[in-house]
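Asker: Take a look at the following structure, please.
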Amino acid sequence: MASNSESAAPDRRWLGLAVIAAAQFMVIMDTSIIGVALPEMQADLGFTPQNLSWVFNAYVVALGGLLLLGGKLSDVLGARRVFSAGWVVLLVGSVLAAVATNPAVELIGRAVQGAGSALIAPSALTLLFMLFGAKPGELTKALAVYGAAAPAGGTAGVFLGGVITEYLSWPWVFYINVPIAIVILVAAPRLFPSAPPAQGRRVDLLGAVTVTGGLGAAVYAVVKAPEVGWGSAQTWGVLGLAVVLLAAFVVTQARGRDPLLRLGIFSAPNLAAANLAQLLLGAAWIPMWFFLNLYLQQVLGYSAFPSGAALLPMTALIMLGMVVLAPRVMAVLGLVRSTVAGLLLLAVGMGWLALIDPAGSFAVDVLPASLVAALGMSLAFIPTLGTAIAAARPEEGGLASGIVNTSYQVGSALGLAVMTAIAAAHGADELGDKVALTDGYSAAFVGAAVVALVGAVLAAVLLRSPAVVEEDDPAHASA
């Protein structure tokens with residue numbers, strides 16, 4: 001990938017980074033922007049309370065299940081082609097979701113959006129390495145900008161969803177994607193290098209079906225378990241199907257001539273450990289953001305717009321931390337200690353949030369703890385992301401991108417589902433009872449803190465890196 005980094009003019013490379021960051025921003029924003037709009041969508045489209053959550057889940061399941069395929073297609077067909085194709089698919093899904101008049105069409109539109117994002121996310125990360133991979137110092141800065149776009153997109157989704165729903169109408173949370181997609185489709189050929197399709201390589205469709213079905217079934221089982229029961233036949237039956245499909249995937253990958261996922265890729269130093277850290281990071285961070293928003297609205301009484309605005313300080317610190325602070329901390333502490341410190345800070349922030357009070361306030365109960373958590377996120381995300389991509393062979397950059405995106409998204413979905421069950425078991429399903437709601441949300445924050453703490457311990461044990469990362473040392477390009 002490094003050899004292609006000079007194929008775009010230096011000034012255009014940074015414009016290309018802006019487009020790549022916008023892509024990551026949109027992929028994550030589309031998971032959160034619908035949250036505030038759900039009540040209006042339920043009234044207009046006729047969703048039942050049990051099925052309404054699938055407006056979120058349909059997107060996440062499609063995204064998490066198809067990311068590996070998106071990464072493989074990026075390697076076989078070329079990252080720029082797959083990146084552009086993903087935006088076409090996302091545009092179609094957005095229009096379909098916006099014009100839907102019944103739940104079925106809405107969920108199909110959301111799933112198509114997720115499929116488009118599954119093409120965009122890994123190819124965008126591959127393009128980033130093509131543009132900046134030859135210069136480790138610039139790569140660190142580029143990864144910082146890219147990393148900051150993810151939490152910014154999550155928080156902006158809540159904020160924009162509130163603004164759009166309050167002043168326009170819910171279909172506009174989907175229409176907002178259309179002009180952005182058109183601009184990016186026009187800009188991509190001018191900003192990104194192209195690569196010819198790989199000769200003699202094919203896409204492993206059987207592998208794509210089994211891994212997508214297996215991951216989708218696993219996520220489906222966990223997100224439905226709070227509704228049907230963790231001990232129900234449905235939950236265990238779907239989990240059993242997930243295990244069978246994922247086992248079949250492993251067998252086909254071990255025996256296939258050109259597999260979707262070369263299992264040997266995980267023998268690369270740090271790749272498996274970095275992906276595990278990303279999975280646990282997503283499993284801790286997304287539930288915190290989700291339940292913090294609910295606490296602001298359902299306990300403190302904030303409306304949609306102020307609730308989104310209340311998350312802006314956290315977003316600003318994450319962006320500042322990833323762009324400015326994280327590279328400097330990595331240069332001093334190195335990969336392992338930066339990651340461990342970040343996950344520990346995230347755990348501390350979660351534990352602090354667990355002290356929320358039914359009669360609390362934003363300034364006391366939310367702001368300081370959320371800033372500590374945001375600082376931890378900014379320190380842990382960059383080193384694990386860069387390591388997970390740089391550990392792979394250059395020709396497998398798209399695959400590595402797909403793997404690390406899959407790790408984060410599947411971790412996010414599973415973490416949110418588990419913390420939702422924990423919250424419900426401790427009173428979060430008692431709408432209108434602020435004490436019970438607070439108890440439930442507090443339990444979810446404790447669970448997320450435990451996940452972050454486990455991530456810190458595993459990172460300390462499994463990750464390996466030099467003690468000091470020198471910005472201009474090519475040996476440390478992963479930083």
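Every read-out reported here was derived from the displayed coordinates using simple, explicitly stated rules and does not represent laboratory data. In this text the structure is predicted, and so the values were computed from the model without any measurement. Virtual Cβ from ideal backbone geometry, glycine too; neighbours counted across all protein chains shown.
Asker: Tell me whether the range 28-42 contains one or more residues that are among the hydrophobic types (A, V, I, L, M, F, W, C), in a helix (DSSP H, G or I) and closer than 27 Å to L260 by Cβ.
Answerer: Yes, some residue in the range 28-42 is among the hydrophobic types (A, V, I, L, M, F, W, C), in a helix (DSSP H, G or I) and closer than 27 Å to L260 by Cβ.
Asker: If you check every pair at least six apart or on different chains, which have Cβ atoms under 9 Å apart with a residue in the range 298-317 that is without any contact (Cβ under 8 Å) to a residue 60 or more places away in the chain and within 14 Å of G157 (Cα to Cα) first and a residue that is hydroxyl-bearing (S, T, Y) and surrounded by fewer than 21 Cβ atoms within 10 Å (Cβ to Cβ) second?
Answerer: Close Cβ pairs satisfying both conditions: A310/Y302.
Asker: Give the residues of the range 250-283 that are in contact (Cβ under 8 Å) with a residue 24 or more places away in the chain, in a helix (DSSP H, G or I) and over 17 Å from P383 (Cα atoms), sorted by residue number.
Answerer: Listed by number, the residues that qualify are T252, Q253, I265, A283.
Asker: From V332, V238, grab the single residue that is in contact with a Phe, Trp or Tyr (Cβ under 9 Å, 6 or more places away or on another chain), among the β-branched types (V, I, T) and touching a residue at least 12 places away in the same chain (Cβ under 8 Å).
Answerer: None of the others qualify; the one that does is V238.
Asker: Another one. Among the residues of the range 78-125, how many are polar (S, T, N, Q) and on the phi > 0 side of the Ramachandran plot?
Answerer: 0
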